[in-house]
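Each value in this text was obtained by applying a stated rule to the coordinates, not by laboratory testing. Computed from a predicted model, the values in this text were never measured in an experiment. With ideal geometry, Cβ positions are generated from the backbone for all residues, glycine too; neighbour counts draw on all protein chains shown.
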Amino acid sequence: MKQLRFRQVHLDFHTSPDIPAIGAAFDKGQFQDALKRGHVDSITCFGICHHGWNYNDTSVGKRHPHLDFDLLRAQFEAAKEIDVNGPIYITAGISSRIGAEHPEWREITSDGGLGGWSCAPLEAGFKKLCFNSSYTDHLCELIVEIVRQFPDCDGVFLDIIKQDECCCEVCMDLMERGDLDPTNSADRQKMAQQALLRYYGMSTAAARCDNPDMPVFHNSGHITRGRRELLPFFSHLELESLPTGHWGYDHFPMSAKYCGNLQHDCLGMTGKFHTTWGEFGGYKHPNALRYECAAMLAYGTKCGVGDQLHPSGRMDPSTYANLGVAYAEVEAKEPWCVDTTNIADIAVLSCEAVNGRSDDSAAADEGATRILLEGHFLFDVIDADMPLDGYRIIILPDSVVVDKALVGKLNAFTAGGGRLLLTSMAGQLADGQGQAFDIGARGEGGSPHQPDYIVPIPELAPDFVSEPIVMYLPSQRITASAGATSLGKVWDPYFTRSYRQYCSHQHAPPQTAASGYDCGTLNLPYMYLAHPVFSLYRASGAVALKHYVTAAIRKLLGDACSLTTSLPSTARVSLMAQPQQNRYVLHLLFANTVNRGGPLSAPVIPIPLKPVEVIEDLLPLRQTQLSVRLPEAVKRVSLEPQGEDLAFDATAGTLQFEIDEFTCHQMVVLHY
C-alpha cells in the first residue's frame, strides 16, 4: 500500500436537492490555486453524499438533479494535474435519497420506529440504512462503478459505518433462523455485529474489485480499541477528532497513542470549522489549526483537515489561506516525522479494549490519558493483544477485568521487572473470583459512602493541601496487609446525603478521625489505589486529585522515568524514535485552550450550541528545562526545522538542556 501524504483535506459536499446551480462556479484554476495556497498534497473529493446524490456520471445511482457535469472528474483531474492525491468519498451508512426510495431498507428500532439520525417524518436529517438489507448489495454496485471510473484514485473513504439494533424484516428473519431471540437486546446486538461484518466484507471487496491494493478506510468517527478483527478491512486509519466538535483536545492523543501500535499508516482528522462538520461560515483561528496539525505530527500521524465545499463548487479562499499557515509549517517539518515510533515508559491497558465500549470505559481511558498528558509522562495506549516489552509500568484503569490469559501475560511482565498500577475494580477476575494480583490488601467490598475523603501519605499529598481531599466516587474498602505500604487513609463523611440526612449544599464533611481503611497500597511490583481515580479525574478535573495520582505514578516509576520537564500542565510532550536517521525527535506543544460558548434559552438558533474549546492566542514558553534518559550516547542536539544547535550536558547518563523560548510547537532532535 502507498504511504499517506502529510497534508490532506477532507472536502465535505453534502448538498440538498433544493439548492440550484450545483458546481456552477467550479473553476479548475481557482480550485488548484486554493490547494496551492493551502499547501495541500491530498484532497478527498465526493463521489456520493449523505443526501444520496452522485457527483460523477452514473448509471447505478442518481446524479444531483442540479448538477450538469461530472464534478468529481473535474476535481480529480485538477488535483492530479498539480500532483495532489485524490481519494474518493462515498457515503455508506446513511442516504436520504435511497432511504426515501427504499423504506424497506431502513433500520427499524425494537419499538417499531425509524433508527438512525432522522427518526421521525418531520425531523430534519439523514436516513439510516440497514446493512443486512439489499441496500448493501446496491452500495457495492455504486462503489464498483466509481472505482472502475477512477482506477487511479488514491483510495476509497466509506462513511458512517455503524449498525444499531434493527428489527427490519430481514434482521427479524435472520435472527429467527439463527437461533437469536429478537426480544432480547443482547441478541439484537449480535445480529447488528453480523450485519457490520457483512458490510465490511462486501464493501471492501467491491472497492478492490480490480485492484487488490486499493486503499480503503471505513469511518465510524472513532477507532474502537480492541476490535482487531476489523483491521484486515482497512488499509490505513483516519483518526477523526474535531476538538471543537465534542471530542476535545485530549481525545486525539489517546486515539493516536493506541493506533500507533497497529501496523497501519495513520492520518489525523480535525476540521477548519468553529464547531463541527457541516458548518458553513465557521472558521477556527489559524493558530488553532497550527496547534492541531502540530499535535498530529507530535503523536506520529499525518495531517488531515475537514472543509465543506459551497454548493456552487467555489473553494473558500479564507479557509485555504488559514490552512496554508498550518500546512506550510507541516511541510517544513515532514523530514523529522517520517517513519517514527513512540517512546513510552508506561502503557495504559485500555478499559474499552478489554471490557468493551461503554461510557464507563471511555471515562476511565480518557481520565488516564489526561492525567498522563498533563503529567508529561511518556506513554502508549494498548489492548490485551499488544506486546508489553519495553514498558516499565502497565496501568489498569478503574474497571479493567482480566481473564486467565491476560493474568498470565501480566505476570510474565512483572516477573521481568515490570510494575502494575491498578485502581478501584481493575484487576478483578472476569469469572468473579476476586482480585487477580497480590495488591497487599484485604478487601471488604465497596464503600457505602459517596463521597468520602483521603489523606495521602506526605510523599503523595498535593503541596497545597494538608486536610482530607474529597473523592466524589466511592472507594473499595481495603486494609493494608503486613509487609505492604499504606499510601494514606480514607476519611468517611458523617453520612451520605439523602432526604433524611443532609448537610450544606453538597455533601457532609469528613469525620474528625480516619476510618481505618487505606486509600491505596504499595506491594511491589503492584500499586493499588482504592478509588476510580481516572474516571473521577475525567468527571471532575480536580487538581488535588491529579497531583495525588501523578505523585503515585512517579513513586512507582522511580528511577525508570525517561523524561522530566518544567513544562506547565497545559503543555504536551512526546518522544519519537527515528532509527533510520539515528535520532530521536522530542516534540513540545503548548497552547491555551479557552472554554467559550454555551446553550441559549431562547429558540433563536436552529442548532444546539455547546461550550467549545477555543484556541486563539499562542503565547511563548520560556526557559523550559528538560532531562532525557536514552540508551544511546547523544552527539548533537538541534532545534528543527530552524537548524540551530543547542547546548546540552550529558553527565551521569542523563541528557539535560534548556530551550530559551518556543511558541506552539518545537521539535528538539537528539542525534546519536
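Observations on the structure shown:
- Percent of beta bridges antiparallel (DSSP, region 346-561, rounded to nearest 5): 55
- DSSP bridge analysis restricted to the chain gives an antiparallel fraction near 60%, rounded to the nearest 5.
- Sorted from longest to shortest, the spans of the Cα atoms of the chain along the three principal axes equal 79, 67, 52 Å.
- Cα shape, region 95-140, gyration tensor, a/c 1.5 rule: oblate
- The amide H of residue 154, built 1.01 Å from its N in the peptide plane, has 86, 88 as neighbours under 5 Å, considering only residues 5 or more places off or on other chains.
- Straight-line cross-link partners of residue 257 among the lysines, defined as a Cα under 16 Å from its Cα and at least 8 positions apart when in the same chain: 302.
- Phi-based couplings in Hz for region 76-86 (Karplus 6.51, -1.76, 1.60; Gly and Pro marked x): 4, 5, 5, 5, 4, 4, 10, 6, 10, 5, x
- Estimated Rh, region 346-561: Kirkwood, alpha-carbon pairs, angstrom: 17.4
- Per-residue 3J(HN,Hα) values for region 103-111, derived from phi via the Karplus relation 6.51 cos²θ - 1.76 cosθ + 1.60 with θ = phi - 60°, read x, 5, 9, 6, 5, 10, 6, 5, 9 Hz in sequence order (x marks Gly and Pro).
- For residue 80, the aspartates and glutamates whose Cα comes closer than 17 Å to its Cα, not counting residues fewer than 8 places off in the same chain, are 27, 33, 41, 70, 152, 154.
- Whole-Å distance, taken between Cα centres, linking region 383-444 and region 101-162: 42
- The angle between the Cα long axis of helix 543-557 and the main principal axis of the chain comes to about 80°, on a 0 to 90 degree scale.
- Taking a straight Cα-Cα cut-off under 14 Å and skipping sequence neighbours fewer than 8 places away in the same chain, the aspartates and glutamates within cross-link reach of residue 635 are 645, 649.
- Amide H contacts under 5 Å for residue 441, placed H, 5+ residues apart: 481
- Residues in region 562-579 carry Karplus couplings, in order, of 7, 9, 10, 8, 8, 4, x, 5, 7, 8, 10, 9, 9, 10, 10, 8, 10, x Hz; the curve used is 6.51 cos²θ - 1.76 cosθ + 1.60 with θ = phi - 60°, and Gly or Pro positions show x.
- Cα convex hull of region 564-671, projected area averaged across orientations, nm²: 9.4
- Gyration tensor analysis over the Cα atoms of region 65-208 returns equivalent ellipsoid semi-axes of 33, 18, 11 Å (largest first, whole Å).
- Using only the C-alpha atoms, the convex hull of region 522-596 corresponds to 156 Å³ per residue.
- Cleavage-rule hits (trypsin sites (Lys or Arg not before Pro)) in region 199-283: DSSP loop, at most 16 neighbouring Cβ within 10 angstrom: 227
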